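Q: Sharing a structure with you now.
The values are calculated or read from the model by the stated rules, or taken from the named source; none is laboratory data. Model, not experiment: these values are computed from the prediction. Every residue, glycine as well, gets a Cβ built from its backbone with ideal geometry; the counts of neighbours run over all protein chains shown.
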Amino acid sequence: MFDVETITADHKDVIHDVVFDYYGRRMATCSSDQTVMIWDEDAQGKWSVTSSWKAHSGSIWRVSWAHPEFGQVVATCSFDRTASVWEEVIGEKVSTTNTPTRRWVRRTTLVDSRTSVTDVEFAPKYLGLLLATASADGIIRIYEAPDIMNLSQWPVQHEIANKLPLSCLSWNTSTYMVTQLLAAGSDDSATPTGKVFLFAYSDNARKCVKIDTVNDITDPVTDVAFAPNAGRTFHMLAVASKDLYIVNLRGVTDSTGTTKLDIQTVKFSDHNCPVWRVCWNMLATMLISTGDDGCVRLWRMNYNKQWRCAAVLKAEGGGPTYEPAPQTPTLAATASATAKYYKKGTIGNQVPWH
Amino acid sequence: MSFPTVSSHFVSEKISSVRWLPEQLQQSDRFVTGSWDMDQNFVRLYRLQSNQYADTNVDFVPRCNDKVAIEGDVTAMEFADKNTLAVSCADGHLSLLNMQRAVEEDQLQRTARSERLHYFKRTNKSSPCTDLSVYGGDIATVGEDGCVNIMNASNIKQVKRTIEADSMSLLSVCYISQQQLVTANRMGVIRILDARASTAAQEKISIMVGSKDEKSSNYVSALGTHPMQHHILLCGTEEGTITVWDLRNLQFPASYLSAHESAITDIAFHRNDPSKVFTAAEEGEVWMWSENKGIGDRNLHDGKSAWLSGDRLRSLVNVDGVLTRIRKAINSFDMNGPRLICGGDTEAVYLVDNIF
Amino acid sequence: MNDNTVSTFELGDALATRFGNTLTGVFVPGSKIALSAYRHVKWNSRDVPSETAGQDPVLIYLAQETTLFDEPVLRSLLAESNITFATLQELGQRAPRAEYLRISHMYRSVVRASLERLEHAKKSPEVQMDEERQQRISETVIVFYAAECLWHLFEILYMQQSQLIVPQLLDWARFYAPQIEDRATDFLLMAEEASENDDYWNVLKSLVMVGALDVTRAILRQNRKASQPAFKAAELILASMPVYKEGFPLKKFNSQWEHWHVDAERKIRANTFGSEPELEQILQLVTGSNEHWDAGIKESNEWYEFLPGYLLYTKPTCKPFELKIAAANWLNRWTLLRPNSQLNNMSRMISQLMEHDLRLFIYDTQRINDTNWLTTHMIDLIYHSGELKGYFEQNNIDLPALRHSMIYEYGSYLMSTRSLWQLGIDYLDCCKQEGKAAMELLLPRISLRSDRHALKLMSVARKRGLIDVEQEICKVLSRQSFDDERYGNALEWGIRSKDVLLVTGIADFILKNYSQTGNMLCPDVIVHIKSRMFISPRLVFLSKYFEFYELYRNRDFLAAVELLVNLLNSKITPDYFWPSLLIDTVPLLESKDPKIFSNETVAILHHLETELVPIIERNTDKLGNKNAETVFKDYRAENIDEILNILRLACARNLARSLVIENTSPES
């Protein structure tokens, strides 16, 4: 059973991305109506818009929150070929009793791309304040803010060119034996080659390079997401494509000492339609996949380490109606008669400690 | 000699503060608890009743008689008089609650709530009120805004004085006399303030507790003064150590004791028997420190409390574990004659009888 | 254990069902899911508003799985069972059996205490007014009542030392079906008049079928006809029924019992009770007459209700493995006699326990609506006691892995709820590496409500060696304070985090602010930094500069000058601060009585030319003349050239003066 709370968004068009901050108390939404809205949850659990502004001159595809240790910072990317970084500042105080309003100011606009910027994501905090963008022309750019107190400077650190247009990217947030730092996917449908690429920082070349391609996935890819690593010795990447894929990546060192990447791909066809988005939960124990069939599927790993679809959430239906949850044992008649029997019970209900 | 008996009672709330109701002539059988970190926080009034379940060796069981909902975490509670409880809250306000003792059901009611006492000036956001102290008819509160507010219990809507004591959060406050109070902050700096003077007129006297490793910080989380000799100040720190200051001589601490392995959450002299000091720690223990009542020693420290004896302190006090291995923090305790009541994050209150 | 049915939930969002749109979802930290309408667009499609723009409201749904744990009164169950769990972990796997039994008792008494509290709460006025809460409490009571009942049965059959389970099963069955005993008490009080009741004999039959012979005999003795031969004979039979006691030789007991049984049957056949047909029925039940028991089965509410009683009269020395067959037979019998009745969940699980089908039992416990409380704690107990190790191995179930995954899931669930996070810690502590990693991910995500809350989280992290988490919390709080312009607080949190970049950044801000406004922020914090300054060279500079600042204000000029010159020589002066530092020398150089020696003056000049001038030049080259004026600003001087001129002049004058003074010996 689910408790559902509905929030009305003032967006004029479909929302492209809904992203929550680190604590789940702030939300950023962006839309084809070219605006970004920032929402806050108050102490009673009510959500309301605290800021909304026109951020780009084209549809905004994605939003990303930076880690709170860098402050309140978001990045957006758009069809208008730019990505921007925004920071929240306190406004001026009008009088002593007035609460100054907080507003979001543009810190920088990254104009390097010649085509639509399809994805933007902040890197895991241990790398510093870094940002990666993926463009439709296949170029990945990694920017870094050298001064965490001054977010107006974001020089480009790496540029990686790819032959195919890119639709999505994902940072690997694990700190465990990380060789593959970034994954990117292409939604190209013309060539029959692998559509998921893995990148790493090469100490020799002193730059970020592509180290591998997941050849099992040749259909257009619309979303990739690395799973947060909660103690695993391998990495998991979820891929949204014609079907849902979960890719296990393991670094294998052979007898000569060289480390190769062992890639195992598992395919899930439950959706029976293209899968557009994937999202992991905090411990990577559950996965959400968005299908074109109006359904969202929740996946869980059972204790045999196999992924199974655990629930389906459908958009259809007249109103919020729910199928009953797995049955509860019923004992209505006897349960209410329990009270007086506790006094005669042979087991005391308070357990002294000493 | 009878041994201390401990009984635990689960109350479904994390307890941040617990106090016996003051009684003049008899042992108190009522106490109040304040909760924190819950979806809804309450101050509850409990009364000890005889245990109807004869098969356990627990004599008394607390029953909740009444409760008052509080807007945020309860951070501290003190009785301003026999029936009035001052409660400081994380929403930056102070409340006064009135107890009505009755034969059947005692009652608890909020009689006053202050204006917003603590807030951050730049953003106008409320700041938690972190501690309070009472003396005479006055109540002093401190908050994360680094300010001290002094009010009279008869009218808490009017702040008599605000002192901007610190530019960081204050963790604890304690009155030493009607005019003087001490505050402690997260750096382990203790300031002695004059309740009658404005911020600018304060003499800016401060002392600092040391830390075991000079590269680390050590906050002072608990303050306690001797019931009669108010110049004796006990400071419980983050490292679990106790630093004792003789406020007449601020050059260096009077004594230092390495006590618990975790932060000290509460420290106090026994109200009626100052030869006993109690400390509670984050790791879930409450210890009792009793001065050795050896005959020879009496002459040696001539009425001076053992706590000021510097290096000799360790040999002059015995320590007993009154409550141990609780696994989660004990946040507060209060004593009433031979009884001690403690509460913490295990969502239980512990009643210790026959502590001496 | 594969569940082929997938639960489906319908949401009903208009926009998501429009042509081309679908539904999408993301996880929200804290076990929620946010759903909204979604439309996939490719980068090369035209960037225009979709054709459905503006027609339907754009909604976001925040969905959270409902759980009974939301009920505040249930918390005591969670808190107390948490402590029992921790106690069990300390016990380990090699403790004597009795200890595990004690833990099992503890768990059950925790549940019973909670049930009592819940019942009590249900009657309170505030709950009476809240229908939703009433319903939730009712459901909670039902679920946990069932859980405790099942646990009790499990304890009897699998955890006990004793092989003879009938007496305990009788207690168990009677405990969970108390209505009969109510009537019995009534009858006892009514004495003689009891027999005038319509249901007198039915109640007595039920009492016999649940094995409450003492009570039955007591009621019969009060019957008016108690002195009649039939009743006396009945009393004799009932009183003489052998009751097995532990330690009594089995063979001897069996022969005694056989003897009694044969004797009783004989008496019945001899029509001893012909005059009292109802009484005879009672005795038929006592001798295990199938016809009469079948009639009884038809009356029972649950299939297992009268099974223990039946065993008492037919197989009083029944052992657990014998129960398996007896229960299966009884269930079959029941199904045949009551073809229309369905087994509800609890009944089914009871049959699984009795028939030793633990595999299915454990599977079913996971589907109870108790957020896995029962299954987690029970499996953990089974794992520790080692009782059923053989069973799990034979059935190819990896018990340690199952236990680990249950505890991990339970613990991480608790840790991601707002107010139950402290309870989850003990569970994750048992999950070794995975648990620690989970804590590392979950602890820092807990929204920081106050300093006290943050310090508690940090102490939990520190105790487990999660230094990263501790530092992260400090950094976040430092940043928050900085953004709120609470610089003293920001600096202290920054120092606690030991993060060089952050501390340097804050120190930079304080120094820059000072050089631009002459206002030293948070002096009360800087003065107490002491040895912690070594985290960052900038902080060392700030600390030492502040020392100079204080010496100067206290007019301790000689010491101030010495410190100032040290600072100049120190090589840790930030570029932007050179003007200010050098300007600080001016009043000292210009003062009437000499404070700066000649060699120090030379040093100052040296730094002026070798440090400040090149910096200005570098900056002017890079960014133009105007920039130098804004970057190197000091509140005391108009522009940079003025600074240079004043300094050179002051140095020259002081140098001249000091040379004269120093080279003039007192004698001459």
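Q: Give the number of residues within the range A:215-249 that are of a type in the set (Ser, Thr, Tyr), closer than 18 Å to A:Lys305 by Cβ and buried (at least 20 other Cβ atoms within 10 Å of the Cβ).
A: 1
Q: Related question: What residue, among those in the range C:396-424 that are within 12 Å of chain A (Cβ to nearest Cβ) and not in a helix (DSSP H, G or I), is farthest from the chain's Cα centre (by Cα)?
A: Filtering first and then ranking leaves C:Asn396.
Q: To continue, here is another question. Only residues in the range C:642-668 that are β-branched (Val, Ile, Thr) count as the first member; pair them with residues that are modelled with pLDDT of 80 or more, Cβ under 7 angstrom, at least 6 apart or cross-chain, and list the lot.
A: Pairs found: C:Ile643/C:Pro579; C:Ile643/C:Ile583; C:Ile646/C:Val586.
Q: Looking at (1) within 26 Å of C:Leu443 (Cα to Cα); (2) buried (at least 21 other Cβ atoms within 10 Å of the Cβ); (3) of a type outside the set (Val, Ile, Thr), which is the one condition that is false for C:Asn372?
A: (2)
Q: Something else about it: Every residue in the range C:494-536 that is touching a residue at least 40 places away in the same chain (Cβ under 8 Å), within 8 Å of another protein chain (Cβ to nearest Cβ) and under 30 Å from C:Asn639 (Cα atoms), please.
A: C:Asp508
Q: Counting only residues that are hydroxyl-bearing (Ser, Thr, Tyr) and touching a Ser or Thr at 6+ places or on another chain (Cβ under 8 Å), which one in the range A:84-102 is surrounded by the most Cβ atoms within 10 Å (Cβ to Cβ)?
A: Only one residue tops the list, namely A:Ser84.
Q: Something else now. Out of B:Leu257, B:Leu223, B:Leu247, which single residue is touching a Lys or Arg at 6+ places or on another chain (Cβ under 8 Å) and of a type in the set (A, V, I, L, M)?
A: Step by step, each of B:Leu257, B:Leu223, B:Leu247 is checked, and only B:Leu257 is touching a Lys or Arg at 6+ places or on another chain (Cβ under 8 Å) and of a type in the set (A, V, I, L, M).
Q: Kindly provide the set of residues from the range B:27-51 that are under 19 Å from B:Glu105 (Cα atoms) and not in a strand (DSSP E or B), ordered by number.
A: B:Gln27, B:Ser28, B:Asp29, B:Asn51 - these are the residues of the range B:27-51 that are under 19 Å from B:Glu105 (Cα atoms) and not in a strand (DSSP E or B).
Q: Ok, one more. Just to be sure I understand, how many residues within the range C:360-395 are under 23 Å from the mean Cα position of the chain (by Cα), among the acidic types (Asp, Glu) and under 20 Å from C:Glu90 (Cβ atoms)?
A: 1
Q: Give the residue, chosen from A:Ala205, A:Ala190, that is over 25 Å from A:Tyr22 (Cβ atoms), within 14 Å of chain C (Cβ to nearest Cβ), small (Gly, Ala, Ser) and in a loop (DSSP other than H, G, I, E, B).
A: Testing whether each residue is over 25 Å from A:Tyr22 (Cβ atoms), within 14 Å of chain C (Cβ to nearest Cβ), small (Gly, Ala, Ser) and in a loop (DSSP other than H, G, I, E, B) leaves just A:Ala190.
Q: Follow-up question, since we're still on this one. Could you please find all residues in the range C:148-205 being in a helix (DSSP H, G or I), free of Cβ contacts under 8 Å to residues at least 24 places away in the same chain and among the acidic types (Asp, Glu)?
A: Selection gives C:Asp171, C:Asp182, C:Asp186, C:Glu193, C:Glu196.
Q: Also, I was wondering about something else. Could you count how many residues in the range A:4-23 are in contact with a helix residue (DSSP H, G or I) (Cβ under 9 Å, 6 or more places away or on another chain), at the interface with another protein chain (Cβ under 7 Å from one of its Cβ atoms) and either under 21 Å from C:Pro29 (Cβ atoms) or of a type in the set (Lys, Arg) (or both)?
A: Taking the range A:4-23 and keeping what is in contact with a helix residue (DSSP H, G or I) (Cβ under 9 Å, 6 or more places away or on another chain), we get A:14, A:21-23.
Retained after the next criterion (residues that are at the interface with another protein chain (Cβ under 7 Å from one of its Cβ atoms)): A:14, A:22-23.
Checking which are either under 21 Å from C:Pro29 (Cβ atoms) or of a type in the set (Lys, Arg) (or both) leaves us with A:22-23.
Going through the range A:4-23 one residue at a time, the tally reaches 2.
Q: Looking only at the range A:14-58, which residues are of a type in the set (D, E, K, R) and farther than 12 Å from C:Ser36 by Cβ?
A: A:Asp21, A:Arg25, A:Arg26, A:Asp33, A:Asp40, A:Glu41, A:Asp42, A:Lys46, A:Lys54 - these are the residues of the range A:14-58 that are of a type in the set (D, E, K, R) and farther than 12 Å from C:Ser36 by Cβ.
Q: So, one more: Cβ-Cβ distance below 6 Å, separation of 6 or more or different chains: which pairs start in the range A:268-289 with a residue that is more than 7 Å from chain C (Cβ to nearest Cβ) and farther than 17 Å from A:Lys305 by Cα and end on one that is of a type in the set (Asp, Glu) and surrounded by 23 or more Cβ atoms within 10 Å (Cβ to Cβ)?
A: A:Val278/A:Asp223
Q: May I ask you to list the residues in the range C:274-318 that are more than 14 Å from every other protein chain (Cβ to nearest Cβ), at negative phi and among the small types (Gly, Ala, Ser)?
A: Answer for the range C:274-318, where residues must be more than 14 Å from every other protein chain (Cβ to nearest Cβ), at negative phi and among the small types (Gly, Ala, Ser): C:Gly274, C:Ser275, C:Ser289, C:Ala295, C:Gly296, C:Gly309.
Q: Looking only at strands (runs of 3 or more DSSP E) that lie completely in the range A:73-116, which have at least 1 residues being at the interface with another protein chain (Cβ under 8 Å from one of its Cβ atoms)? I'd like the intermediate steps shown before the answer.
A: Numbers: elements: A:73-78, A:83-90, A:102-110.
Hits in the range A:73-116: A:83-90.
Q: When you scan the range C:410-432, do you find a residue that is within 28 Å of B:Tyr119 (Cβ to Cβ) and acidic (Asp, Glu), even just one?
A: Taking the range C:410-432 as the starting set, the residues that turn out to be within 28 Å of B:Tyr119 (Cβ to Cβ) are C:418-419, C:421.
Still in the running and acidic (Asp, Glu): none.
Checking the range C:410-432: not a single residue is within 28 Å of B:Tyr119 (Cβ to Cβ) and acidic (Asp, Glu).
Q: Could you look through the range B:137-146, keep only residues that are under 22 Å from B:Phe79 (Cβ atoms) and of a type outside the set (Ser, Thr, Tyr), and pick out the one that is surrounded by the most Cβ atoms within 10 Å (Cβ to Cβ)?
A: Let us first name the residues in the range B:137-146 that are under 22 Å from B:Phe79 (Cβ atoms), namely B:137-143.
So of that shortlist, the ones also of a type outside the set (Ser, Thr, Tyr) come out as B:137-140, B:142-143.
Details: B:Gly137: 12, B:Asp138: 19, B:Ile139: 25, B:Ala140: 24, B:Val142: 33, B:Gly143: 27.
Among those residues, the one meeting the criterion is B:Val142.
Q: Shifting gears a bit: Please enumerate the residues belonging to the range B:114-146 that are at the interface with another protein chain (Cβ under 8 Å from one of its Cβ atoms), assigned to a loop (DSSP other than H, G, I, E, B) and hydroxyl-bearing (Ser, Thr, Tyr).
A: Across the range B:114-146, the qualifying residue is only B:Thr123.
Q: Looking only at helices (runs of 4 or more DSSP H) that lie completely in the range C:480-567, which have at least 1 residues being within 36 Å of the chain's Cα centre (by Cα)?
A: C:487-497, C:500-517
Q: Applying the selection to the range C:550-575, what residues are aromatic (Phe, Trp, Tyr) and surrounded by fewer than 18 Cβ atoms within 10 Å (Cβ to Cβ)?
A: The one that is aromatic (Phe, Trp, Tyr) and surrounded by fewer than 18 Cβ atoms within 10 Å (Cβ to Cβ): C:Phe557.
Q: Specify which of the listed residues (A:Thr133, A:Thr218) is away from chain C (no Cβ under 11 Å) and not in a strand (DSSP E or B).
A: Answer to the check: A:Thr218.
Q: Can you tell me which residue in the range C:62-94 is nearest to C:Ser114 (Cα to Cα), limited to those that are among the β-branched types (Val, Ile, Thr) and within 14 Å of chain B (Cβ to nearest Cβ)?
A: Going through the qualifying residues, I end up with C:Val73.
Q: Right, another one. Say we look at the range B:116-136 and pick out the residues that are of a type in the set (S, T, N, Q) and within 17 Å of B:Leu170 (Cα to Cα); which of these is surrounded by the fewest Cβ atoms within 10 Å (Cβ to Cβ)?
A: Looking at the filtered set, the residue picked out is B:Ser126.
Q: While we're here: Being touching a Cys at 6+ places or on another chain (Cβ under 9 Å), among the basic types (Lys, Arg) and either more than 30 Å from A:Ala136 (Cα to Cα) or surrounded by 15 or more Cβ atoms within 10 Å (Cβ to Cβ) (or both) is true for just one of A:Arg62, A:Arg81. Which residue is that?
A: Result of the check over A:Arg62, A:Arg81: A:Arg62.
Q: Identify the residue in the range C:441-462 that is more than 21 Å from A:Arg25 (Cα to Cα) and either surrounded by 21 or more Cβ atoms within 10 Å (Cβ to Cβ) or out of contact with any Asp or Glu (no Cβ under 8 Å at 6 or more places or on another chain) (or both) and, among all such residues, is farthest from the other protein chains (Cβ to nearest Cβ).
A: Among residues in the range C:441-462 that are more than 21 Å from A:Arg25 (Cα to Cα) and either surrounded by 21 or more Cβ atoms within 10 Å (Cβ to Cβ) or out of contact with any Asp or Glu (no Cβ under 8 Å at 6 or more places or on another chain) (or both), the one farthest from the other protein chains (Cβ to nearest Cβ) is C:Ala461.
Q: Tell me, which strands (runs of 3 or more DSSP E) wholly within the range B:158-247 include 3 or more residues that are within 13 Å of chain C (Cβ to nearest Cβ)? Steps first, answer last, please.
A: Working: elements: B:170-175, B:180-185, B:189-194, B:205-208, B:220-225, B:232-237, B:241-246.
Result: B:170-175, B:180-185, B:189-194, B:205-208, B:220-225.
Q: Same structure again: Tell me, yes or no, whether the range C:341-352 has at least one residue that is crowded, with 19+ Cβ neighbours inside 10 Å, modelled with pLDDT of 90 or more and of a type in the set (A, V, I, L, M, F, W, C).
A: The answer is yes, given that some residue of the range C:341-352 is crowded, with 19+ Cβ neighbours inside 10 Å, modelled with pLDDT of 90 or more and of a type in the set (A, V, I, L, M, F, W, C).
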